[in-house]
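Here's the structure, in structure tokens; my notes come after.
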Amino acid sequence: MNAFDPRNPGADFFKPSFHLLLIKDQTVVDPYRWRYDLQLVDFDDANLEDTPAYEDRGDEVAGFNVLEFDNTISNAGGYDPDNIPDDFEFKPISGYVLGYPVNAKVGETVKIVFLFSAVNPIDGVCS
């Protein structure tokens, strides 16, 4: 059972360590860093060998990739962006992630956000 409910964030002692989240969208906050819009999901009795169907759990929540915290204009995931070929680009994360809920300040408000760790892809087409 997944006890975290964004409508009842005071029940922290029931909060499991990690939650399955689907990345719905992202917004650039700094060079090579994004704020992700995440949807908490459950798989119920889905067959995970097929394309799994999920159930939404409450409203979308904000999330951040901890591997992007040190990214700057001259360091993107340990790469100097100037060394990435012109036809390639450092990309945000997509798909499913496991996230950990924390209380953190986002903008001017402290609220529950989710932290996750995923290596950003570098994608493009060879010319």
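A few notes on this one:
- Tally, over the stretch 55-69, of residues that are surrounded by fewer than 21 Cβ atoms within 10 Å (Cβ to Cβ) and more than 16 Å from Gln39 (Cβ to Cβ): 3
- Within the stretch 86-127, strands (runs of 3 or more DSSP E) holding 1 or more residues that are within 16 Å of the chain's Cα centre (by Cα): 88-90, 96-106, 109-116
- On the stretch given as the stretch 71-85, residues that are among the β-branched types (Val, Ile, Thr) and assigned to a strand (DSSP E or B) total 1.
- Test: residue in the stretch 25-43 that is surrounded by fewer than 11 Cβ atoms within 10 Å (Cβ to Cβ), modelled with pLDDT under 95 and farther than 30 Å from Glu89 by Cα: no
- Residue in the stretch 52-62 that is in a loop (DSSP other than H, G, I, E, B), within 28 Å of Ile122 (Cα to Cα), in contact (Cβ under 8 Å) with a residue 24 or more places away in the chain and under 16 Å from the mean Cα position of the chain (by Cα) present: yes
- Looking across Thr72, Thr51, one residue alone is over 19 Å from Arg33 (Cα atoms) and surrounded by fewer than 14 Cβ atoms within 10 Å (Cβ to Cβ). It is Thr51.
- Conditions (1) closer than 17 Å to Val97 by Cβ; (2) of a type in the set (Ser, Thr, Tyr); (3) more than 12 Å from the chain's Cα centre (by Cα); number of the one not met by Thr27: (3)
The values are calculated or read from the model by the stated rules, or taken from the named source; none is laboratory data. If you're wondering where the values come from, they're calculated on a predicted model, not measured in any experiment. Neighbour counts run over all protein chains shown; Cβ positions are idealised from the backbone, glycine included.
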